[in-house]
1. Here are some residues: B:LEU47, B:LEU15, B:LEU33. Which one is within 30 Å of B:ALA441 (Cα to Cα), outside any loop (DSSP other than H, G, I, E, B) and among the aliphatic types (A, V, I, L, M)?
2. What are the pairs, 6+ residues apart or on separate chains, where a residue within the range B:212-224 that is closer than 19 Å to B:VAL77 by Cα and at the interface with chain A (Cβ under 9 Å from one of its Cβ atoms) has its Cβ under 7 Å from a residue that is part of a helix (DSSP H, G or I) and among the polar types (S, T, N, Q)?
3. Scan the range B:95-108 for residues that are touching a helix residue (DSSP H, G or I) at 6+ places or on another chain (Cβ under 7 Å) and either open to solvent by 20 Å² or more (accessible area, probe 1.4 Å) or within 18 Å of B:ALA224 (Cα to Cα) (or both) and jot them down.
4. Among the residues of the range B:21-35, what is the count of those that are among the aliphatic types (A, V, I, L, M) and open to solvent by 30 Å² or more (accessible area, probe 1.4 Å)?
5. Restricting the search to the range A:193-235, which residues are basic (Lys, Arg) and either exposed (fewer than 15 other Cβ atoms within 10 Å of the Cβ) or not in a strand (DSSP E or B) (or both)?
6. Tally up the residues in the range A:183-232 that are within 16 Å of A:ASN110 (Cα to Cα) and not charged (D, E, K, R), please.
7. Give the residues of the range B:116-158 that are away from every other protein chain (no Cβ under 11 Å) and of a type in the set (S, T, N, Q), sorted by residue number.
8. Go through the residues of the range B:50-65 one by one and say whether even a single one is of a type in the set (Phe, Trp, Tyr), away from chain A (no Cβ under 14 Å) and within 16 Å of B:SER406 (Cα to Cα).
Amino acid sequence: MILKSIFFVLLNFIVAGLFAQTTPWDVPADRSAKLSTTAFTDQNRNTGRNLYQANCKSCHGDPGKNNVIKLVPPPPDPAATQLQQNTDGSLHFKISEGRGAMPSFKNILNSAEIWNIIAFLRTFNKDYQQQLAVKPTFGGEVFDKVELKLTADQTHTTIVAQLTGFKGSLVKPIAGLEVKLFAVRYFGNLMVDKPMDTNAEGKALFSCPKNLPGDASGNVSLVAQLSNEELFGLVKTESTLAIGLPTDRPPLNEPRALWNVVQKTPVWLLISYLASVLVVWGFIVVVLLKLRTISKLGE
Amino acid sequence: MASEVNTKFLQDKRLDRIASDILRPVGVDRSFLIWMSSLTMLLFVCLYAYYIQLDKGLIVTGLRDYVSWGMYISNFVFFVATSLVGMLISSVLGMMGYKWVKPIGRIAEIIAVAFSAVAGIVIVSDMGRPERLPFVFMFGRIQSPILWDVTVVTTYMTLSILLYVFTMIPDMAISRGRIGHTPPWLQKTYELLSFNFQHKPEQYKILLKAVRILLILIVPTAFAIHTVTSWLFAVTTRPGWDSTIFGPYFLTGAFVAGSSAVIILMFIVRNNYKLSRYITVEHFDKMGKLLFLVSIVYFYFNLNEYLVPAYKMKTFEARHLIELFTGEFAFMFWSVQLLGLIIPMILLLFKSMRKPAPMFIIAIVVLIASWFKRLLIVVPTMEAPFLPKQNVPDAWMVYHPTIVESAITVGTITLAVMIISVLMKLFPVIPIWEIAEEESAHPDQQPVE
């Protein structure tokens, strides 16, 4: 009975191993067909290399050297056909979503960063010809550049994110797109209000929280971002606005504490330490002086 | 230590006999040269190991991410511990008026000087970048027990050296004209170290006052040095170290190690220097009782340190204790507890075991066990971190000291033995003036050899 169950467990492992290796990776058709909206530049490729070194190299090794980590199924060498045969879109999908031992990077890297890595990965494929996504059009216009801008009204009750498209000398507000607003905090970003759509004037209006702590003069760092990254790539802006409550809380490393720097030694400790050292070494000096007296007396 | 010296012993004929007895072995002879050159050779081999470590870094040791304190830090704790006996014998027993400690007080001081001096060097051996040692003083934080440790080790070493030098001043003066058999440079050194001492009553008065100050200062300093060393561990929350009794636990353990070191040297002095008239069977008996006393106190602290957490078996504590009681370290743990504590304690109950030869053997076993005891305090805790050990090569999970590391450790021990040998052979190991004063004050008491 026991032997039999052990046998089945083993069998299960073997089958699971084989299975994992052979299952094709299901990439939804629309994701697989996805393309970058911008042409890869050397700058993209350089950023991509750094991101690769930091996030991928530990498993995928140095491209072309086939020094990948031993896992089942093994992570493919980026220069190998197995990886290069993917469309740009399915590379983007696989890196974003991950599978098994391959981690999902969608919460670690943003979409633009993943495109940069793909730009780098493609340098190991001589036959690669980049196809570009059709320039996103909006309201019949094809924009060269799209910009977000943050302002606050006089009374600091509303924060305005203005979305504008540029094409040559034409400047036009873009309506109907969702914008997210965040306040930058110590350990990540805090969403302000809820995602808002731009109105006919290209404005997304966020109501200002009354109790958001700012720095000593009430300044808060804000980040606004277009939710849809597919249309124009990552559209993002950062500004510091005086919309918070002025908070003059001393920094955490302000008080004297055991864990702080030496200049911030607790007074009781400073006194005890210095007093003990001074007393003991004071007596040592006294004793040494006595040595002199003894010697003098003997002359 | 009396507050006054009766200088009539200087006229007593007994002084001549005592001085010539004690000064006879002093000097540079053939066997001393052979002994020292063998030690020097050994030291050079170990220095070569240290050169390798300087060149390649700590990677040549068994220290890795998890066990970053291994043999070196255990060795450091051992050295600090052993040096503490100077305080116990000279200060505590001496000041309480126990006269029998007079002949062995200097031996205890020699141990204190040698071991505290080498302890500082041992710490440097644990540093991958020893040239950054000054950073401790430049950027050190007063809040850190490491800075306190550096402070107290230096202070204790200074006090021990001063105590050694001060109590030897009258002997240096007595030895004038009596050490014709020694090389001139040694005679010069004696002259220097006698600081123009003429046995004038005023000189004795100042001397005694200075010694008294030193003896008093040394008590809190010695307590501080080993308590702070224990705090290096106890201020963390790690199983096996997170203990409120670590200070006294270390302190009493130190007395066990130190007393056995004194017994070993006493035996060597008695037999090699033919000084059995001064270091008598009686002294061994007394030291045996002292070793028993400190052992039983240490046993009591061990009981608290292991039984109380073992009763509760808190998750992490339990993992640590099981490792010690029945796991990877069980053999070492039980050997150390039995050979270093329980068996010696039982043996020392018998008078026949408190004779010089059996005491010598017991003391050697206890001293070796106390070295391993320090390893048991440092390594098992380091091998059991709170977070799972992962993403490192298998060899990093457990600690395997390397040959280089062991050689460097042997080197530090060699260095301590060399310092002890020099101090014991080139200077009187028994305080001539104190013995002479004692004998002239009680002329009828004859020592039992």
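1. Working: B:LEU47 fails: within 30 Å of B:ALA441 (Cα to Cα); B:LEU33 fails: within 30 Å of B:ALA441 (Cα to Cα).
Just a single option satisfies the conditions, and that option is B:LEU15.
2. Correct list of pairs: B:THR221/B:THR155.
3. B:MET95, B:LYS99, B:TRP100, B:LYS102
4. From the range B:21-35, those among the aliphatic types (A, V, I, L, M) are B:22-23, B:26, B:28, B:33-34; that's our starting set.
Restricting the remaining residues to those that are open to solvent by 30 Å² or more (accessible area, probe 1.4 Å) gives B:28, B:33-34.
Residues meeting the conditions: 3.
5. The initial filter retains those residues of the range A:193-235 that are basic (Lys, Arg), namely A:194, A:203, A:210.
A:LYS194, A:LYS210 - these are the residues of the range A:193-235 that are basic (Lys, Arg) and either exposed (fewer than 15 other Cβ atoms within 10 Å of the Cβ) or not in a strand (DSSP E or B) (or both).
6. Taking the range A:183-232 first, the residues within 16 Å of A:ASN110 (Cα to Cα) are A:188-189, A:223-232.
Among the residues that remain, those that are also not charged (D, E, K, R) are: A:188-189, A:223-228, A:231-232.
Number satisfying all stated conditions: 10.
7. Of everything in the range B:116-158, those that are away from every other protein chain (no Cβ under 11 Å) and of a type in the set (S, T, N, Q) turn out to be B:SER116, B:SER125.
8. As a first pass, look at the range B:50-65 and keep what is of a type in the set (Phe, Trp, Tyr): B:50-51.
Okay, now just the ones that are also away from chain A (no Cβ under 14 Å), so B:50-51.
Now restrict to residues that are within 16 Å of B:SER406 (Cα to Cα): B:50-51.
Looking for residues that are of a type in the set (Phe, Trp, Tyr), away from chain A (no Cβ under 14 Å) and within 16 Å of B:SER406 (Cα to Cα), one finds at least one in the range B:50-65, hence yes.
The values are calculated or read from the model by the stated rules, or taken from the named source; none is laboratory data. In this text, all values refer to a predicted model and were calculated from it rather than measured experimentally. A quick note on method: Cβ atoms are made from the backbone with ideal geometry, for glycine too, and the neighbour counts reach across all protein chains shown. Areas reflect the complete protein model, heavy atoms only, side chains present, ligands, DNA and RNA absent. Shrake-Rupley method; radii C 1.70, N 1.55, O 1.52, S 1.80 Å.
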